[in-house]
1. Efficiency by 1/(1 + (r/R0)^6): what FRET value for GLN93 and LEU143, r their Cβ-Cβ distance, R0 = 45 Å, to the nearest 0.05?
2. Under the definition of Cα pairs under 8 Å and six or more residues apart, what whole-number percent is the relative contact order of the stretch 1-133?
3. Compute a Gaussian network model of the chain, connecting alpha carbons closer than 10 Å, and tell me which residue from SER282, SER348, SER99 fluctuates the most.
4. Taking the Cα centre of the stretch 210-274 as the origin and placing charges on Cβ (Lys, Arg +1; Asp, Glu -1), which of MET251, GLY269, SER234 is farthest toward the positive end of the dipole?
5. Along the three principal axes, how long is the chain when you take its alpha carbons, biggest first, rounded to the nearest angstrom?
6. Taking the dipole about the Cα centre of the chain, with the C-beta of Lys and Arg at +1 and of Asp and Glu at -1, give me whichever of PHE372, SER333, VAL225 is farthest to the positive side.
7. Okay, helix-only estimate at 222 nm for the chain: each DSSP H run of n ≥ 4 adds -39500 (n - 2.57), divide by all residues, round to 500 deg cm²/dmol; what do you get?
8. Ignoring ligands, DNA and RNA, what percent of the 1.4 Å accessible area of the stretch 81-148 is carbon and sulfur?
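The values are calculated or read from the model by the stated rules, or taken from the named source; none is laboratory data. Here the structure is a predicted model, which means the values were calculated and not measured. A quick note on method: Cβ atoms are made from the backbone with ideal geometry, for glycine too, and the neighbour counts reach across all protein chains shown. Heads up: the accessible areas ignore ligands, DNA and RNA and are worked out on the full protein's heavy atoms, side chains in. Shrake-Rupley method; radii C 1.70, N 1.55, O 1.52, S 1.80 Å.
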Amino acid sequence: MSRDKIYQSAIYLVFGLSFLFSLFLIASDNISPFTTQASVHRNVANIAPEVTGVITGVDVENGQHVKAGERLFTIDKRRFELAVEQAKAELIQAQDANSAKWQELASLEQSFEQREVEWQNATIKLTRYRKLQGKGLVTQEELDDAVMNVNLAQSAIKAAMAEIKRIEAELARADNLYTANGNTSGITASNVLTHMQGEGGESAAIVLARSKLAQAELDLAHTEVKAKIDGTVSNLQLQKGSYLQQGNVAMFLVNEASVWLKADFNEKGMAYLHKGKPVIISFDALPGQVFEGEIISQDRAIYDASSQSNQLAEVSNDTRWIREQQKIRTQISVQRIDAGLISGSKASVMVKNGNSVIDTLATGWITLVAYFRYIY
């Protein structure tokens, strides 16, 4: 075969293959979706302090791998240590005040019992005087005095009960022993004291002081910012002496164990973009290498700027006959993914059809793309 024939055959072969691949790529959205709009994604934790203060130490370096629980940096503790001491003192103060109230309640118990005995004695005396009056042995004035003594004793009981209720209210321990109509029959301050002590006997002031102490201790613990997950430190720009506001992102932790590919395909290939569909992948950073993967999910909605809540829709008039196609976001798991790929690394992805001929063409195309990455 002459040299011209060889060249001619080679040219025909190249043009033929190019023509076949061109047809394949034109039809790929319908039979084997392809996209170059794919990138590596890793979970990234935003590290921000939960308290405000001056940084007294940075314990990690940019790019360092850390384990969950390792300290990342420290904020000045002195202000928070003082807050803990103050909260402890306030708790002791509240406990002392609460103890004094209980002692006052115990004293009122004795007073209540004494008023109750006086009322009982006055009632017995009134009953006896009424019997004697019928025999003419007691004057009306003496009987009136006995009635007045009973009324005074009842008033004294009510006053003692009011004092008990006042202390009870100060202790913030409402008790069901008291009847709604104020009937005091059969009720003693001893019942009240026993019941309230059985309930725990802590006032609202003590509960509040305990909460304040717990919050102060929590803030003190938060001065040491620790990693919540295993990851690699990224975008570290902290230095000792810097002032950091609560909630301001100080660094990022990249979760190396959680990695996937996010890829945007034309919506024409929607029939092939379902969970479990195998794909072939070429990463720009790894020329000449082809990876296997599969679709793990598909986003069922996209952001629509023309239809936001409580706003009028923006209608755009497009005069072009051929408009840009809508993209569908998918998530793809990759087998044997290279650990060196950073979050954001670009890739090309093609979905397998299931037909051996089409899948062979798809593999050939992705392989060609992978080797082309040596050049660009």
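1. Details: r = 54 Å, r/R0 = 1.21.
Given R0 = 45 Å and the Cβ-Cβ separation, E is 0.25.
2. On the way: 26 pairs, mean separation 16.8, N = 133.
Answer for the stretch 1-133 is 13 percent.
3. Result: SER99 has the largest fluctuation of those listed.
4. Looking along the dipole axis, the top candidate is MET251.
5. The Cα atoms of the chain stretch 159, 49, 40 Å along their principal axes.
6. Going by the Cα projections, it comes out as PHE372.
7. Numbers: 6 runs with 162 residues, N = 376.
Rounded to the nearest 500, it is -15500 deg cm²/dmol.
8. On the way: 2370 of 4540 Å².
Taking all protein chains in place, the stretch 81-148 shows 52 percent carbon and sulfur surface.
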